[in-house]
Amino acid sequence: MAVNVKQLWEQVPDAKMTLVAGEDGLSRTVRWVHMVESAQISSFLEGEEIVFTTGVGLRVASDLTVLVRNVVMRGVSAIVLNLGPYIQTIEDEIVQICNERQVPLFSVPWEIHMAEIIRQFCLQITLDDKRRLELSSAMQNAILFPAQKELYVPHLENYGLHVGVPYTVVLFGEKQPCGEVERRVLLHQMESVVAQKGWSCLLTCIETYILLLFEGKDYTPTVLRGCCDYLQQTCTQLQKGAYCIGIGEPSRNIYCIAKSFQQAKCVLDLGQTDKLFYSELGLYRLLACIEDRETVRGYVNDQLGPLLQYDQMHAGNLLEVLCVYLRHNGSVKETAEELYVHRNTINYKIRRIAELLGRSLTDYETCSELLAALKLHRLLELDVGHLR
């Protein structure tokens, strides 16, 4: 978890930093610190910085209000004003701005060396970056090399994670390919939200996914759904609708999070936008666990071979018609409506399917076998689960 304003403030108890406004924003995450002595320089800020100013670049008292308003608009995490010859008082309007925007505002007396505070803050931020990198690497090792416990258990325990409690993996996957920079921006947004909400959750990027690892039994499906909804409401990158979500089942302990990861990935691979949880996948949960790819191919070919060959030779869609027909429990009307064709067309194609397969589509056993074969065929096409 990224370091926040309150944690940095507590690292300098002798600096006489007095909180003047914005107490509700003390949980804001901090990426770096900057000296900003004029409103023009504030345009270089990228967000989530702590801004220090002595006021040396201010011409009139009202310039400080303009500077504060500008840096607040740039998304800074906190502001530190050095009271002295250039800033003698803090206007009520500045206090009001920081309270309204929940940006902590601190004052520091002139005799305190600002450079020492900045040095301490930079050190803590650097150490926190190191910690986050180590945690991220350990999480990835736990997923990619679960049997090699020495690669991740010591690091995770060192940072306070409990090995024996359940963990649930939540994956945010890209609907369209996004760049590394955009992915990192979203990760930072999510880290800020997680820190502010106090969730017991670690975040990292793995492959093209953003991974959230929730710790403990308190994160039930209802709670996790609420967390995902809140992230989508507050993270601007998610509001664009460029990401979908997959949630695995809780693992027994830290050694099993690879399984939860694969389950969450399976949800995303199947692309069923109405499904968030692996537990909602129904028969796919069982079929995705089959490891013998050749056996699966053989079963699919035995059940659907004639249709696959027909569609390939005639650029047809009999397989699609069969899939929709079975999904609607044999309703010709609903099948026709979904495929936007006349009912007579569906009736013809259903008869043709039955002829090619030499089977009756009114037989329950036949329909069950065909439905399983269709799902296995989709898993093979998508390269999902153990069939990849």
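Quick rundown of the values:
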item	result
Selection status of residue 87, surrounded by 14 or more Cβ atoms within 10 Å (Cβ to Cβ), of a type in the set (A, V, I, L, M) and farther than 30 Å from residue 133 by Cα	yes
Selection status of residue 352, surrounded by fewer than 16 Cβ atoms within 10 Å (Cβ to Cβ) and of a type in the set (D, E, K, R)	yes
Some residue of the range 111-133 being outside the structural domain of residue 53 (by TED's automatic domain parsing) and not in a helix (DSSP H, G or I)	no
Qualifying positions in the range 200-255 - crowded, with 22+ Cβ neighbours inside 10 Å, of a type in the set (Phe, Trp, Tyr) and under 20 Å from residue 180 (Cβ atoms)	243
Odd one out for residue 335, checked against (1) surrounded by fewer than 18 Cβ atoms within 10 Å (Cβ to Cβ); (2) more than 28 Å from residue 298 (Cβ to Cβ)	(1)
Filter result for residue 381 (part of a helix (DSSP H, G or I), among the charged types (D, E, K, R) and farther than 29 Å from residue 265 by Cβ)	no
Number of positions in the range 61-107 that are touching a residue at least 60 places away in the same chain (Cβ under 8 Å) and aromatic (Phe, Trp, Tyr)	1
Qualifying residue in the range 191-207 (condition: closer than 24 Å to residue 289 by Cβ, in a strand (DSSP E or B) and not assigned by TED's automatic domain parsing to the domain that holds residue 48)	yes
Matching residues in the range 101-141 - criterion: being more than 26 Å from residue 161 (Cα to Cα), surrounded by fewer than 16 Cβ atoms within 10 Å (Cβ to Cβ) and of a type in the set (Gly, Ala, Ser)	115
Evaluation of residue 163 against (1) in a loop (DSSP other than H, G, I, E, B); (2) within 21 Å of residue 267 (Cβ to Cβ) (one fails), failing number	(2)
Unique residue being outside the structural domain of residue 174 (by TED's automatic domain parsing) and either more than 28 Å from residue 143 (Cβ to Cβ) or among the polar types (S, T, N, Q) (or both) when the list is 232, 263, 309	309
Residues of the range 7-37 that turn out to be free of Cβ contacts under 8 Å to residues at least 40 places away in the same chain, buried (at least 16 other Cβ atoms within 10 Å of the Cβ) and not acidic (Asp, Glu), as a count	2
Subset tally (residues that are under 18 Å from residue 249 (Cβ atoms) and among the small types (Gly, Ala, Ser)) for the range 146-169	1
Candidates 38, 43, 27, 107, filtered to the one that is part of a helix (DSSP H, G or I) and of a type in the set (Gly, Ala, Ser)	43
Residue 279 of a type in the set (S, T, N, Q), surrounded by fewer than 17 Cβ atoms within 10 Å (Cβ to Cβ) and either assigned to a helix (DSSP H, G or I) or in contact (Cβ under 8 Å) with a residue 60 or more places away in the chain (or both)	yes
The range 39-56: number of residues that are more than 30 Å from residue 202 (Cβ to Cβ) and surrounded by fewer than 17 Cβ atoms within 10 Å (Cβ to Cβ)	4
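The values are calculated or read from the model by the stated rules, or taken from the named source; none is laboratory data. As the structure is a computational prediction, the values presented were derived from the model and not from experiment. FYI the Cβ positions are ideal-geometry reconstructions off the backbone, even for glycines, and counts take in every protein chain you see.
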